[in-house]
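Below is one structure, written out as structure tokens; the observations come after it.
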Amino acid sequence: MTLDEIEKFSKTECPRFSQFAREQLPMPGVKKYLNDILNREIFVTDFKITKSKRKEGTECMQFQFKLDNQVCVAFTGSAVLMDQMQSARENDKIPFVGTIVKIDKYYSFS
């Protein structure tokens, strides 16, 4: 952009970063591990899926929830949980109350 082009803009014409970068910000909450919340009812409020930083070529889901009146976040690479969360969002069912259970090697909402 040239200096002349920059001079033509005003702050009021431009969008604020916070209006479009919400997904880039970390979700607030106390970090919990899946094993800490297994078989406990949680109130799921949000989630996002990104590339995993731990295992190349895979995805990781961060999800936010309330447990015992405390806002928490957890991370998982569980494809089943990711599919269930995406389905809930597509059907406009977030927020929801659910329980994460472990069935053999897999995690699932029940």
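Below are the figures for this structure:
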| item | result |
| --- | --- |
| Selected residue (only one of Thr45, Thr76, Thr99, Thr58 is at pLDDT below 95 and among the β-branched types (Val, Ile, Thr)) | Thr58 |
| Index of the failed condition, Glu5 passing every other in (1) at pLDDT 95 or above; (2) in a helix (DSSP H, G or I) | (1) |
| Hits in segment 49-94 - residues which are touching a Cys at 6+ places or on another chain (Cβ under 7 Å), of a type in the set (S, T, N, Q) and part of a loop (DSSP other than H, G, I, E, B) | Ser52 |
| Flag if Arg40 is on the phi < 0 side of the Ramachandran plot and either free of Cβ contacts under 8 Å to residues at least 24 places away in the same chain or more than 13 Å from the chain's Cα centre (by Cα) (or both) | yes |
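The values are calculated or read from the model by the stated rules, or taken from the named source; none is laboratory data. Keep in mind it's a predicted model, so treat the numbers as computed, not measured. Here Cβ is always computed from backbone atoms with ideal geometry, including for glycine, and neighbour counts include all displayed protein chains.
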